[in-house]
Amino acid sequence: MAYIVPHSEEATMTDDRTREQPPAEPHAQALWMPFTAQRSFQSEPRLLSAAQGMHYRSSDGRSILDGAAGLWCVNAGHCREPIVRAIQQQAAQLDYAPSFQLGHPVEFEAAEALARVAPGRLKRVFFTNSGSEGVETALKIALAYHRARGQGQRLVFIGRQRGYHGVGFGGISVGGIAGNRKMFHGALLPQVDHLPHTYDLEHQGFSRGQPEWGAHLADELEGLVQLHDASNIAAVIVEPVAGSTGVLVPPRGYLQRLRALCDKHQLLLVFDEVITGYGRLGAPFAAQALGVMPDILISAKAVNNGSVPLGAVFVRDDLMQTVLDAAADGAIELPHGYTSSGHPLAAAATLATQKLYADEGLLERVRRDGLDSHWEQALHALRDAPHVRDIRNIGLMGAVELHPDPQAPGRRAREVFHRCFDHGALVRFTADIIALSPPLIIESGQIEQLTHILRQALEQTR
Ligand SMILES: Cc1ncc(COP(=O)(O)O)c(C=O)c1O
């Protein structure tokens, strides 16, 4: 079924197409691609050459409905004019400014704009260039804080099985995705332990929103505290909704229990909101949507609509103050940062994005317009489609988990991904799970379109 591109989107992308013909050999040798089956890609490359609103354009000129917000990034839709303009103007005015011992006005304004949407006391912002760097930054800030208050022995981090926290050594250490750790296991942080993940098909299968079963899994933290002793633990880090592993929605009450246990043992609670940040659950952050306040919160991706790489780590104001107060006069209090922390282009894009989110009410749209219930219904209507083992949803994110082919686990989801792309929709896959997270500007007809293409792809997959 061909999707009709709305007029305005078609016009803009047609112009771009003439300019952006793919190179003669797009699958040529020089590029080593991230998290990609490179040899398969080279034999069958799929390329995106333009984007507008809800759609990509493939290099062979087809319109692709974006069911993944790129990579959980493009919450306001693609190539939005105010963001494009802000980046262009900033590039012409101040292209780069050194980030150490100097500042530039736009990064301060961007931090203020972010602090306005941040929950509770998370009003201090450290800029990085990615979610992975945000995770490393958060872990270091946790250590710096404990050290500053005379508790430098608190070195243990608690992550969670199936958690994804990017690709730095800290991130893969606290992360719980075996495939990302195996190759590098000799270089992981030494003092890390993991909570069990929260997914259980038998008790939670086809839950709509937060599953009723599983809050007790947070109590596993007590056992880890007994093992390591609270006095040695720096922080607990979790994604409020585990995204990359295939959208695992936290059971009702789970995060509240984790918070209470962290308070009891004086452990910092870090939320990795790289995916859930900026309106995905119908509030600025999952912390607000789910009513649980962390001490540190990591964001990236949609912070500026994915337009220029930037991560923003939010820190409780008193944590930052403790670190500042502990250092000698004139000393650098936190020996950490990046050449491009608060880069002018990324900061300008962040300011423009946050204004756009506010102007269009996008951070609340998912709940306000009942979009989440529509989304839930559309996804769960796929229950009778071939191979479906489970369906999960929260806010404007969802997953359709498939029964794996016993001979070739992962094949079905990969095929579905390819078929969807060929039928005109971008989805994501991990193992045998299809993950969905469209831009927050999606209209109900486009939700139908997306699930229709997905059903078609499932029906064509053996
Ligand atoms: C929860 C979470 N943390 C960290 C990251 C890493 O972000 P980046 O790829 O920008 O380094 C991701 C990326 O998907 C993520 O989902």
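The values are calculated or read from the model by the stated rules, or taken from the named source; none is laboratory data. This one's a predicted model, so the numbers in the text were calculated from it and none came from an experiment. FYI the Cβ positions are ideal-geometry reconstructions off the backbone, even for glycines, and counts take in every protein chain you see.
Only one residue in LEU227, LEU217, LEU221 is more than 25 Å from the chain's Cα centre (by Cα) and either surrounded by fewer than 23 Cβ atoms within 10 Å (Cβ to Cβ) or not acidic (Asp, Glu) (or both). Which one? Outline the logic, then answer.
Working: LEU217 fails: more than 25 Å from the chain's Cα centre (by Cα); LEU221 fails: more than 25 Å from the chain's Cα centre (by Cα).
The match here is LEU227.
Residue-by-condition table, conditions (1) among the acidic types (Asp, Glu); (2) in a helix (DSSP H, G or I); (3) buried (at least 18 other Cβ atoms within 10 Å of the Cβ):
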site: ASP95; (1), (2), (3): yes, no, no
site: GLY103; (1), (2), (3): no, no, no
site: GLU112; (1), (2), (3): yes, yes, no
site: GLY120; (1), (2), (3): no, no, no
site: PHE127; (1), (2), (3): no, no, yes
site: GLU133; (1), (2), (3): yes, yes, yes
site: GLU136; (1), (2), (3): yes, yes, yes
site: TYR145; (1), (2), (3): no, yes, yes
site: TYR164; (1), (2), (3): no, no, yes
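Can you run down the residue pairs with Cβ atoms below 7 Å, 6 or more apart or on separate chains, where the first is in segment 318-334 and in the same structural domain as ALA142 (by TED's automatic domain parsing) and the partner is hydrophobic (A, V, I, L, M, F, W, C) and part of a loop (DSSP other than H, G, I, E, B)?
From segment 318-334, the pairs are VAL323/LEU334; GLU333/ALA327.
When you go through ALA51, ALA76 one by one, which is the residue that is under 23 Å from ALA347 (Cα atoms) and touching a Lys or Arg at 6+ places or on another chain (Cβ under 9 Å)?
Numbers: ALA76 fails: touching a Lys or Arg at 6+ places or on another chain (Cβ under 9 Å).
Among ALA51, ALA76, only ALA51 is under 23 Å from ALA347 (Cα atoms) and touching a Lys or Arg at 6+ places or on another chain (Cβ under 9 Å).
Are any residues in segment 270-284 within 12 Å of the ligand (Cβ to nearest atom) and not polar (S, T, N, Q), and if so, which ones? Show your work before the answer.
So the first thing to find is which residues in segment 270-284 are within 12 Å of the ligand (Cβ to nearest atom), and the list is 270-277, 280.
Answer for segment 270-284, where residues must be within 12 Å of the ligand (Cβ to nearest atom) and not polar (S, T, N, Q): VAL270, PHE271, ASP272, GLU273, VAL274, ILE275, GLY277, ARG280.
Tell me, please, whether a residue that is in a helix (DSSP H, G or I), buried (at least 24 other Cβ atoms within 10 Å of the Cβ) and away from the ligand (no atom under 16 Å from the Cβ) can be found in segment 285-292.
no
Go through (1) in contact with a Lys or Arg (Cβ under 7 Å, 6 or more places away or on another chain); (2) buried (at least 22 other Cβ atoms within 10 Å of the Cβ) for ASP317 and report which single condition fails.
Only one criterion in (1) in contact with a Lys or Arg (Cβ under 7 Å, 6 or more places away or on another chain); (2) buried (at least 22 other Cβ atoms within 10 Å of the Cβ) is unmet by ASP317, namely (2).
Kindly indicate whether ALA378 is surrounded by 15 or more Cβ atoms within 10 Å (Cβ to Cβ), touching a Ser or Thr at 6+ places or on another chain (Cβ under 9 Å) and not in a helix (DSSP H, G or I).
Spelling it out, it is not the case that ALA378 is surrounded by 15 or more Cβ atoms within 10 Å (Cβ to Cβ), touching a Ser or Thr at 6+ places or on another chain (Cβ under 9 Å) and not in a helix (DSSP H, G or I).
Go through segment 360-402 and give me each residue that's small (Gly, Ala, Ser) and at pLDDT 95 or above.
Looking only at segment 360-402, we keep the residues that are small (Gly, Ala, Ser), and these are 361, 370, 373, 378, 381, 385, 395, 398-399.
Selection gives GLY361, SER373, ALA378, ALA381, ALA385, GLY395, GLY398, ALA399.
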